[in-house]
Amino acid sequence: MGMAATDSQFHVLAVDDSVIDRKLIERLLKSSSYQVTTVDSGSKALEFLGLCEDDQSSSDSPSVSPNNQQEVGVNLVITDYCMPGMTGYDLLRKIKESSSLRNIPVVIMSSENVPSRINRCLEEGAEEFFLKPVRLSDLSRLRPHLMKAKSNNQNQEKQEDESESSETQSQEQEQEHHELEQQQPQPQLQPIPPNSNKRKAVEEGFSPDITRPRYSGIATLV
């Protein structure tokens, strides 16, 4: 009961061009108490995630179930590998290249057991690679990845909050220092009268200039 209530807080975006497979994975996820949104292509998945492709050939709105509510955060993406246009591998790379989406766990599904394909997806950052048809027991492997991503997001938010708090505190300290400097009285300098020594000498009847003795041209006769 408690686990179902916790899992219902997780939102999974399922991507598959096959209507049958899309309905199957949606039913399995809902039976595991996950919130589910389904789309039928990688480009529509990116649009739902907020990463619209400029070269999107179709202008149709995403085929989404339930309603396209982008304000609901996506906690995990599970996508088919073989899809026309953008493959599941291409979608995986787009998500991992995005600074805002790279922490979202991605799971790849495929009906073909190709080891090189599986390894390539795992090396690119996929959390799991499920072989179709996906079974309910496979979905039990999603929960650890969801919990890990949730913990990473919480730590990231905490670090961002601490960074903003530190920056705000530094700005407040700088403002207080500036205000204190403005409040301190500035020392008043006493004006020094120009040539004070010279004026004093004149008042006492002495010439401040150094005078040399003069001799008259008197010849002494012996």
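Rule-based calculations on the coordinates, nothing more; no lab input. Predicted model only: the values in this text are computed from it and were never measured. Neighbour counts are summed over all protein chains in view; Cβ atoms, including those assigned to glycine, are modelled from backbone coordinates with ideal geometry.
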Checklist entry - Which of the peptides 173-182, 99-108, 146-155, 33-42 is most tightly packed, and how do the rest follow, judged by the mean count of other Cβ atoms within 10 Å per residue? => result 33-42, 99-108, 146-155, 173-182
Item to check | Entries of Lys96/Lys148; Lys44/Lys148; Lys44/Lys158; Lys94/Lys158; Lys23/Lys94 with Cα pairs more than 23 Å apart | outcome: Lys44/Lys148; Lys44/Lys158; Lys94/Lys158; Lys23/Lys94
Next on the checklist: At a 10 angstrom cut-off on C-beta neighbours, averaged per residue, how do the peptides 112-121, 76-85 rank from highest to lowest?
Outcome noted: 76-85, 112-121
Checklist entry - Along the positive direction of the dipole of segment 90-130 (beta-carbon charges: Lys, Arg +1; Asp, Glu -1; about the Cα centre), which of Val106, Asn119, Leu91 reaches farthest? => result Leu91
Checklist entry - By how many nm would the segment from Leu180 to Asp90 grow when fully extended, if each residue of separation counts as 0.36 nm and the alpha-carbon distance is taken off? => result 26.6 nm
Checklist entry - To the nearest 0.05, how large is the calculated FRET efficiency for Glu123 and Lys150 if R₀ is 25 Å and r is the Cβ-Cβ distance? => result 0.55
Item to check | Surrounding net charge for Arg22, when Lys and Arg each add one and Asp and Glu each subtract one, Cβ distance under 13 Å | outcome: -1
